[in-house]
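The values are calculated or read from the model by the stated rules, or taken from the named source; none is laboratory data. Just so we're clear, the structure is a prediction, and the values are computed from it rather than from any experiment. FYI the Cβ positions are ideal-geometry reconstructions off the backbone, even for glycines, and counts take in every protein chain you see.
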Amino acid sequence: MFNKTLKYFLSVWMFLAMSTSLSAEVVPQAEGSNPEAAPLDAKELILEHLKDDYEWHIATYKNKKISIPLPIILYSKNSGAQLFSSAKFDQNNGCYKGFYISKTGKYKGKVVETDASGNEIRPIDLSLTKNALSLLIGSFLLIILMLFIARAYKNEPVKPKKGLVGAMEVFILSVYDDVIKPVVGEDYKKYRYYLLTLFFFIFFNNILGLVPIFPGGANVTGNIAVTLTLALSTFLIVNLTGTREYYKGIFWPDVPVWLKFPFPLMIIIELVGLITKPFALMIRLFANIMAGHAIVLGLVSLIFITAHMGAALSSSMTGFSVVLIIFIYFIEMLVAYIQAYVFTIFTAIFINGARVKPPKTEKSLEST
Amino acid sequence: MSLLTPDLGLVFWMSIAFGIVILILTKFAFPPIIKGVEDRNKYINESLEAARQAREDLKNVKADGEKILEQAKKEQAKILAEAVESRETIIRDAMDKARKEANVMIDLARKQIEAEKDDAIRDIRKEVVNLSFDIAEKLLRKNLDQQAEQEAVINQLIDEMNIHKS
């Protein structure tokens, strides 16, 4: 019964997604102007999507923006803590209580205010932006999904699972048995739940980012702040639970003394390595997901760019684009998995590297 | 370039969201799932082990059964052989005994016959004696009047008797 409803819901949702996705992201550019007169600025459109936003723009219909206003939370040195809806900007010609969204310069697209000398300054901005809301929704859905699965195991622990739970079990175990256990090594029990959470958090948000309509579609895991936090969390886990042997390897590695004594060359190299590992994680996830979104949007834009170039070209380009978008979507689903997998496996490798044990064989040789 | 500068607000929200997800999933979601799967694996392994054990036991039982059957057959053959032997012994014994018994009986019969014969002879003799006496009496009663005749008879009798006795 549940499965049937779920299937029905999914198919309706997919249909809606298909029919609205293509227009939803693109049409806003035509806002307030004659579409034939103003050709689509694809670059601006794509960049706007890739960046965070203070409101959740869903569609523009007959020059009217349909969007979900989001709360803006600020702390300004001039006026203290502030909380108001992003809709206030539109209602007050873009400026509310001295705050406005910068159009140019260093803080383009961010909420700013002006100081006494007229410079734009940035207040402390904890606004619940589009990406933040998407993160919260994604986290909530992930928690619901996982708790739903966990409940099936609490109710009937030994019985084999079917349907969604069974599929998720295979998925969870593939990560658990093929990544976490072999890569982390003997200490895997301490880290397994963190690594599972990491994988499913990234994977779920990647997939949610591919869903074109409301709860999804935000460029969450393609946002550097998100990947920064993930990488930072990996960095902390790896370096706060390292063994003595691991720290010895960093601060007093087994190399000739001249490499580390007067000038601590090796130590600097090791410390740089410490930073570059999570940095690479951060950039890899960010770049891959962002690029995916950019490609899809670029291909969608192609339809609208060629719209003014005659029926033959326009229709053939539309067909071409749609085929390519579908192809890219499949690739992106693969990428969503691969990037979550890679992030998890690298975190596991770093953890394994930080759990080095003192070499036992040498000691046993000495003692004999 | 703003794409590459992390926004502090989003880092803040991300930390909260990710923190909560880690907290809830590592406490309430993944442990029961992993535990359930491991329990099931353990259960399956134990069941397989039990099945293997049972199969082995069954094999042993079969072997045992065959051994018992074989032993029973042997026992049966032995018992049969013994039975045949004891039957023959019994028959032989019985025949021996019967023979002895028969001999004894025959002996007894013979003795009895002997005895009966003796008795009969004795009876006959007694009868003869009695008859003799009767005859003698009758003779005596008739001839005792004459002396001479008496003596003659007596002598004759004595002679006869002597002759008989000798």
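Odds and ends about this structure:
- Count of residues meeting criterion [under 30 Å from A:SER76 (Cβ atoms) and facing chain A (nearest Cβ under 7 Å)] in the stretch B:9-26: 10
- Condition check for A:THR114 on (1) touching a residue at least 60 places away in the same chain (Cβ under 8 Å); (2) farther than 26 Å from A:PHE214 by Cα: one failure, at (1).
- Count of residues meeting criterion [among the small types (Gly, Ala, Ser), within 14 Å of chain B (Cβ to nearest Cβ) and in contact with a Leu (Cβ under 6 Å, 6 or more places away or on another chain)] in the stretch A:213-230: 1
- Test result for B:ILE44, hydrophobic (A, V, I, L, M, F, W, C), more than 7 Å from chain A (Cβ to nearest Cβ), assigned to a helix (DSSP H, G or I) and closer than 30 Å to A:LEU74 by Cα: no
- The sole residue among B:ALA29, B:ALA50 that is more than 7 Å from every other protein chain (Cβ to nearest Cβ) and of a type in the set (Gly, Ala, Ser) is B:ALA50.
- Residue count for the stretch A:63-72, restricted to those that are out of contact with any Phe, Trp or Tyr (no Cβ under 9 Å at 6 or more places or on another chain) and either assigned by TED's automatic domain parsing to the domain that holds A:GLY109 or part of a loop (DSSP other than H, G, I, E, B) (or both): 1
- Of all residues making up the stretch A:276-316, the number that are buried (at least 20 other Cβ atoms within 10 Å of the Cβ), within 26 Å of A:LEU198 (Cα to Cα) and of a type in the set (Phe, Trp, Tyr): 1
- Inspection of the stretch A:90-108 identifies at least one residue that is modelled with pLDDT under 90, polar (S, T, N, Q) and part of a helix (DSSP H, G or I).
Table: residues versus (1) within 29 Å of A:LEU145 (Cβ to Cβ); (2) modelled with pLDDT under 90.
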{"residue": "B:LEU3", "(1), (2)": "no, yes"}
{"residue": "B:GLY9", "(1), (2)": "yes, yes"}
{"residue": "B:SER15", "(1), (2)": "yes, no"}
{"residue": "B:ALA29", "(1), (2)": "yes, no"}
{"residue": "B:ASP57", "(1), (2)": "no, no"}
{"residue": "B:LYS62", "(1), (2)": "no, no"}
{"residue": "B:ALA98", "(1), (2)": "no, no"}
{"residue": "B:MET105", "(1), (2)": "no, no"}
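Yes/no per residue for (1) at the interface with chain B (Cβ under 9 Å from one of its Cβ atoms); (2) surrounded by fewer than 24 Cβ atoms within 10 Å (Cβ to Cβ):
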site	(1), (2)
A:LYS189	no, yes
A:ARG192	yes, yes
A:GLY209	no, no
A:LEU232	yes, yes
A:ASN239	no, yes
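- Condition met for A:MET317 (assigned to a helix (DSSP H, G or I), over 21 Å from the mean Cα position of the chain (by Cα), modelled with pLDDT of 85 or more and not aromatic (Phe, Trp, Tyr)): yes
- Residue in the stretch A:187-201 that is in contact with an Asp or Glu (Cβ under 8 Å, 6 or more places away or on another chain) and not in a loop (DSSP other than H, G, I, E, B) present: no
- Count - residues of the stretch A:145-168 that are surrounded by 12 or more Cβ atoms within 10 Å (Cβ to Cβ) and not in a loop (DSSP other than H, G, I, E, B): 15
- Under the condition of being over 21 Å from A:ILE58 (Cα atoms) and either at the interface with chain B (Cβ under 8 Å from one of its Cβ atoms) or surrounded by fewer than 18 Cβ atoms within 10 Å (Cβ to Cβ) (or both), the residues counted in the stretch A:104-138 number 17.
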